[in-house]
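All of the numbers you see were taken from the coordinates with simple rules; none came from a lab. These figures come from a predicted structure and were not determined experimentally. Note: ideal-geometry Cβ built from the backbone for every residue, glycine included; neighbour counts use all protein chains shown.
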Amino acid sequence: MIQFFSRDPRFTNETIAFLQLASRNASPQGNSLEVKTMRQGIEYLHHASNEKFYGTFKGTLEENIVKTNSTEIPITVYTPTDANKEKLGVYFHGGGWVIGSRKSHQTIVNTLADATKTIWISVEYRLAPEHKYPIWLDDCCDVTQYIIQNKTNFGVNEYAKIGVAGDSAGGMISASIARTIKGIDFQILIYAGLDITRETPSYNEFTHQMYVLTPELMDWLKEHAFETSQNLKDPRISALYNTSLQDVPPCLFIVAELDPLRDGSLEYQKLLEKAGVQTKLLVVKGVIHGFFSLPGIFPQAVAESINTIQDFMVSI
């Protein structure tokens, strides 16, 4: 059991409640981490936090499979009551490319669908270390291409706008797809990993265990997700190193104030603005990395984020 004795005075009551729950269920840090244990831990944390929302989705769920050239990718289609036929969102879950799933993130995706009256598709891309980069990113690209080419099969009209969204690793995936695949009309990046080289200042500001996403944990995830020979400055991986941003779609950034990934988003927004891309930024005060998929613990922070997403999607 890990005890979070230190507290940043900026922490909200929601953040403190999360740390109390995490301290009762946390895994050890560093080399002692095991993939199986970490995967079980994130599933349990989301279940324990969000269980009260299970079965409350005001719409229909459909499990499906997208066949690619290399595999079959499971997806879940969330269709809310009175769904808007003019937009469709594709969601990629967080978890450092190693943990997390459609199941762990089901509550936040059905919340998105309900709130925006938009059809959302959650993607079960293959995870590392069994499938290292670029496999998991290629999976997401292939599924997105399929959805773009077959969007009317998912309940929207032929002129519907397609967007990508994701938290953390899913945000990194979304940003990469938005830069490389044609036909993406908007992107929503939620505390996305946009500087995998970890050179932005916030990586050095939030190193204490109380911020949960520690350097040790980030190293563990990176070592599992990428080959040691991989150049992490590849713009397909680290958005901040992309030099061609003119055709990037409008972007909403949702950022946790007390998060080592924070400055990557702030810097990427500046780059997009300089390139003439429409952007919007929400910095959620007093919260740490990971809050968005846990509305059961972070109701106010998630509500603020969802409201911003609603406004952004209306503006597209």
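Restricting the stretch 123-168 to residues that are of a type in the set (A, V, I, L, M, F, W, C), assigned to a helix (DSSP H, G or I) and under 18 Å from the mean Cα position of the chain (by Cα) leaves a set whose member that is farthest from residue 253 (Cα to Cα) is 135.
The residues of the stretch 71-103 that are surrounded by fewer than 23 Cβ atoms within 10 Å (Cβ to Cβ), of a type in the set (Gly, Ala, Ser) and either under 15 Å from residue 61 (Cα atoms) or out of contact with any Lys or Arg (no Cβ under 9 Å at 6 or more places or on another chain) (or both) amount to a single one, 83.
Residue-level check: of (1) of a type outside the set (Lys, Arg); (2) touching a Pro at 6+ places or on another chain (Cβ under 6 Å); (3) not in a helix (DSSP H, G or I), residue 203 misses just (3). Would you pick out the residues in the stretch 222-235 that are within 14 Å of residue 131 (Cβ to Cβ) and under 19 Å from the mean Cα position of the chain (by Cα)? Matches in the stretch 222-235: 224, 225, 226.
Considering (1) in contact (Cβ under 8 Å) with a residue 24 or more places away in the chain; (2) under 20 Å from residue 62 (Cα atoms), say which one residue 168 fails and leave the rest. Going through the list (1) in contact (Cβ under 8 Å) with a residue 24 or more places away in the chain; (2) under 20 Å from residue 62 (Cα atoms), residue 168 breaks only (2). Filtering the stretch 43-96 to residues that are in a strand (DSSP E or B), touching a residue at least 12 places away in the same chain (Cβ under 8 Å) and either of a type in the set (A, V, I, L, M, F, W, C) or within 25 Å of residue 17 (Cα to Cα) (or both) leaves 61, 66, 73, 75, 77, 88, 90, 92.
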